[in-house]
Structures are given as C-alpha cells and as structure tokens.
Protein chains: 2
Amino acid sequence: MKSVLKIVKTGGKLIEDKARFQEFLKDFSAMEGPKVLVHGGGNFATEVATKLGYETKMLDGRRITDANSMQVITMVYAGLISKNIVAGLQKLGSNAVGLCGADGKSVISRKRPVKEVDYGFVGDIEEINVAFISSLLEQDIIPVFSAISYSEEGEILNTNADSIAAEISKAMSREYETELYYCFEKKGVLADAQDDDSVIEVLDKEKYQELVEKKIISDGMLPKLHNCFQALENGVSTIYLGDSGLLQKNSIHTKIVE
Amino acid sequence: MKSVLKIVKTGGKLIEDKARFQEFLKDFSAMEGPKVLVHGGGNFATEVATKLGYETKMLDGRRITDANSMQVITMVYAGLISKNIVAGLQKLGSNAVGLCGADGKSVISRKRPVKEVDYGFVGDIEEINVAFISSLLEQDIIPVFSAISYSEEGEILNTNADSIAAEISKAMSREYETELYYCFEKKGVLADAQDDDSVIEVLDKEKYQELVEKKIISDGMLPKLHNCFQALENGVSTIYLGDSGLLQKNSIHTKIVE
C-alpha cells in the first residue's frame, strides 16, 4: 500500500492575516506524515508593486504579468513569503525548504502562448519533478512551493498556486496516495454564499453539476472545483476545502469525492 | 581520497553587471565536479529599499539591518537574485536549488549580541548542515546560497556572504577536499591598489603579514584575507581570488596557501 502524502495549498487572504497564518502554520506543522505546502502571495505583491511605482495591469479581471510584475512576484513570493514560512516551520520543529519551480526543475511550465491576450510572464504547467520532491520527503523535509514555475527557455513564470497544488498532487500520486487540501478564508463550499455556515460537507460530481446548473456555485469557486474533479480523475484520492481548522479535521469543511 | 568540492562566492559588483554576470554563470556552470555557489545582492537591495522609502542606516561604514532592511534583503537576495541565478544555471544545463540558511536549516547562526552597537538582524554563523548540503550534491544539484542565515529563535538574519562561503568550505572539508573561490571585480590581490595588473599570484601567510605591515593590503581586503588564512587553518585546501576568468583558470589570479 502506498503511504499518504498531504498537499496543502494556502490562500492569499490567510497569509495576509498574521495571527491566523501563525495558527495555520501550527496546524500544518502538526499534520502527521509527509506533506507539501503551496502558497501564493496575497496582496503583498500588489502592495510592493504600488510602492515601487509599478502599475498593476488587469484585463477582464485577470492580471497581466509584465517584466516588472514578475520581478515583484519573485521577490515577494519566492523571497519574503517563502523564507518566512520556512523559518516559521523550522521554529515549530518542521524541517522545510522553500522552492520555486526553477529549483531542482521541480515545476516545469510553458509560457502561455499569445492569442487574443498577452498575459505576459505566465506559465501553464507541463511537468512535475517527482524524483526531486520525493528525495526531499524521504529526508523528512517539507517542500514549500511558491506560485512560480520554470520554462525550458530559462524563464521563471507566474503560475496559479491552485494549479501547482493540483499538478503536484496528480504527479505524486504515482508514488503516494495523495490528499489535496485547499485552505482559504471560508469554511468550505457554501450552499448560500451569504451564509458562512451553509457548508456542503460532501460534494460529488453529480451534486456539483446540479449546483452549477442552479447557479448556486459562484464564479470564483467554479475553476477551483473544476480543477478538483479533474485532479480526482487523475489519481488524487481525496480533496478537502475549508479554513485552517481543516488540517486537524476539527472544523466543518467540504470533502470532494468522485 | 576525498573528492574535490568547489565553493564559489560571487561579489556584488559582478552581479550588478548583467553581461559580466552571464559570463560568470557560464564559467561557473562549466566547472567540473560538485560545487556550491554563494552570492550577496550588490546594490539591488539598497535600490529597492530606497524606492520603497526605507532609509539605509549606516554606522561607521557598516550597515544596520533593521526590520525593513531585513524584509528587503529577503526579497532581493533570497527571491529575485537567487531564483534568477537558479533559472540561469538551469538554462545552462546545471541543476541548482536556491537556498537561504533557513532552508533545511543549512546555515545556523546566532543573532549578534548588542554591545556598543545594535547591528539589528545580523547573524554570526554557528553551524553548517553538512548532511543536507551533501544530499543535494549527491543528486548533482548545485546549492545556491544567498547571504541569509537562520537562528534557532526562528529568525532569518543578514549574514556576510564571504563568511557563509568560508564556513561552508570549512564544514564541508569533513567530507570533501574543499577549494574556495572568491570572484570579484579585480583580478586578484594587488601589490599596488592603483595598478590592476599588479596581481600577487601566490600569497602565503608570511608574505601576507609582510604586506600588512607595509600597509600594501588595503582596508577592504584585510578581513577577506584574514578569513582566508583562518579557513586554511580549518580544513580548506586552497583559496583563489580573482575575476570570473578564475573559474576556468584562464586568467591571472591570486592563489592563497598556508
């Protein structure tokens, strides 16, 4: 039987709240067995970009990553946030290493081709280096990934943290039974967006499609859940969504099953 | 017989010059055998700090690292510069991982005690994690260290890159024959500071002391050379100083021997 590997993705809003993020790190550190952490950068990158006088370019609600933005993302995600998470975990007794996709060629992507829109330095994931990640896990080291991938052309590229977590979970399922945890500011998938306590505790594909048809699942949640079901079809055993209490299974949350 | 491990420290001014730094990476990538790279951040950190509106505090020519400075150093050294070096090496076919001292608890330090001066978030190295560095080298991965260490109190601390290179060289000499390379903008130690071609090709302790007494060796070079001789006494086999041509031994340079 394969041993269980837990892949946890932490959301931006959680990172921004220092006290809650410290709670998150404690819960994460206390999770048993091999694990991986994936993080974005919240609004820190936008804050730093604004202070540096760089304009944040958006198109139809999506960020355009120009060269300046990519510099800021590299500084904030792979530098400031990554290394502070690692130091925080070390202090809690969990050995960790902060990585971006270029490190050990761990997350290889392809720069998104320019069609109607040029998204700039954005990468779509092509390959995960399972051997390298496994070698760290075997040494009881937690790989901590920032939302940056690497293209074979030598570029570091902005890459969605949800996607990195999903692709790592899928790829690692060759060697482990993988569980994917999406931690964010809500308690789970809500049946009523206005009611934080209306958590759907178990969501399968049938129920998901029903909720999509009834337009109960909101815009922001759609791509996340689409990725979840796609991950389940590609080797991931279970997916959980909820706040950081989820990591110790001591809070209500959503469990996604096929 | 132990195999040879090369530890290369690259200077700030070299990093600032894009074309020369690309040459440096090529020369470094072409060096045979296991190797480690240590880098600082040049003036980038000061530039970013200034743009962010943070004042750089100096006392008697030495930088005081306050909380804001430490944030900027973490962003610039461990983020921007580290990850761009790693991407550059990957493109040249050299597998690498960008680390700070907190990663894998690779460089443990103690926050400098406050005596007459409070240097702020500055660490003096206490221990190098030889097992972790060796595990990367055994996988043909180049550890790339930024000038940041980690204290057991959970802090990430600004730490002199020359010292990190020297301490790694000394510690790794338990398992390897270590050669230490200091690459900077000069061709080596100069007999005449005004004449770039007056390189002293071989420098032993006796000659060094003679040059110190004659005040031929300038202020900036003194602590560097002091560290060199201290490293030689603690297991390092040879130390080289020069520009990046040094890495392929195709330029004149200084060799330091006991």
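Every number here is computed from the coordinates shown, using simple stated rules; none is lab data. Keep in mind it's a predicted model, so treat the numbers as computed, not measured. Positions of Cβ are generated from backbone atoms using ideal geometry, with glycine treated the same way; all protein chains shown enter the neighbour counts.
Take the alpha-carbon centre of the stretch A:1-34, take the same for the stretch A:166-216, and report the distance between them in whole Å.
With the stretch A:1-34 and the stretch A:166-216 each reduced to a Cα centre, they are spaced 17 Å.
How much of the DSSP bridge set in the stretch B:4-256 is antiparallel, in percent, rounded to the nearest 5? Working shown, then result.
Numbers: 15 of 45 bridges.
Antiparallel bridges make up about 35 percent of those DSSP assigns within the stretch B:4-256.
How crowded by other chains is A:147-158, given as the mean number of beta carbons from other chains within 10 Å of each beta carbon? Write out the running numbers ahead of the final one.
Details: counts 0, 3, 0, 5, 3, 2, 2, 7, 2, 7, 1, 0.
So the per-residue partner count for this stretch is 3.
If you wrap a convex hull around the C-alpha atoms of the stretch A:137-258 and split its volume per residue, what is the figure in Å³? Before the final figure, lay out the partial values.
On the way: hull volume 15.9 nm³, N = 122.
Convex hull volume per residue, Cα atoms: 131 Å³.
Put one equal scatterer on each alpha carbon of the protein assembly as shown, apply the Debye formula with no solvent term, and list log10 I(q)/I(0) at q = 0.07 1/Å to two decimals.
-0.40
Amide H to amide H under 5 Å from B:G42: which residues, 5+ apart in sequence or cross-chain, H placed 1.01 Å off N in plane?
B:G12
If you take each beta carbon of peptide A:89-96 and count the beta carbons of other chains within 10 angstrom, what is the mean?
That works out to 4 on average.
Based on Cα positions only, what radius of gyration and what Dmax would you give for the stretch B:92-170, in angstroms?
13.3, 48
For B:L99, list long-range residues whose amide hydrogen, built 1.01 Å from N in the peptide plane, is under 5 Å from its own amide hydrogen.
B:V144, B:F145, B:S146
If you put a point 7 Å past Cα along the Cβ direction, how far is that point for A:G93 from the same point in each other copy, in nm, smallest first?
A:G93 label point versus its equivalents elsewhere: 4.7 nm.
Are there chymotrypsin sites (Phe, Trp or Tyr not before Pro) in the stretch B:88-149 that DSSP puts in a loop and that have at most 10 other Cβ atoms within 10 Å, and which ones?
Working: sites: B:Y119, B:F121, B:F132, B:F145; in loops: B:Y119, B:F121.
Counting only loop positions with at most 10 other Cβ atoms within 10 Å, none of the chymotrypsin sites (Phe, Trp or Tyr not before Pro) in the stretch B:88-149 qualifies.
What are the nm distances, shortest first, from B:E16 to its equivalents in the other copies, labels at 7 Å along Cα→Cβ?
Label-point distances to the other copies, shortest first: 3.7 nm.
Please list, ordered by chain and number, the residues whose modelled amide H lies under 5 Å from the amide H of A:L92; skip anything fewer than 5 residues away on the same chain.
So A:L92 has HN proximity to no qualifying residue.
So what's Rg/Rh here for the stretch B:4-256, counting alpha carbon atoms and using the Kirkwood radius for Rh?
Numbers: Rg = 17.5 Å, Rh = 18.5 Å.
Ratio of gyration radius to Kirkwood radius: 0.95.
Along the stretch B:58-74, what does the Karplus equation 6.51 cos²θ - 1.76 cosθ + 1.60 (θ = phi - 60°) give for ³J(HN,Hα), rounded to whole Hz, x for Gly and Pro?
10, 9, 6, x, 10, 6, 9, 9, 7, 4, 4, 4, 5, 4, 5, 4, 5
Return the subset of B:K186/B:K215; A:K35/A:K186; A:K35/B:K105; A:K57/A:K207; A:K170/A:K205; B:K9/B:K207 for which the Cα-Cα distance in this structure is over 28 Å, preserving the input order. Please list the in-between numbers first.
On the way: B:K186/B:K215 19 Å; A:K35/A:K186 22 Å; A:K35/B:K105 18 Å; A:K57/A:K207 37 Å; A:K170/A:K205 18 Å; B:K9/B:K207 24 Å.
The answer is A:K57/A:K207.
Counting every Cα pair in the stretch B:24-126, what percent are over 22 Å apart? Let's see the in-between values first.
Numbers: 2197 of 5253 pairs.
Value for the stretch B:24-126 (Cα pairs over 22 Å): 42 percent.
What do you get for Rg/Rh of the stretch B:212-251 when both radii come from the Cα atoms and Rh is the Kirkwood radius? Please list the in-between numbers first.
Values: Rg = 12.2 Å, Rh = 11.7 Å.
Result: Rg/Rh = 1.04.
So what J values fall out for the stretch B:94-107 if you push phi through Karplus, 6.51 cos²θ - 1.76 cosθ + 1.60 with θ = phi - 60°, rounded to Hz, Gly and Pro as x?
9, 6, 9, 9, x, 10, 10, x, 6, 5, x, 6, 6, 10
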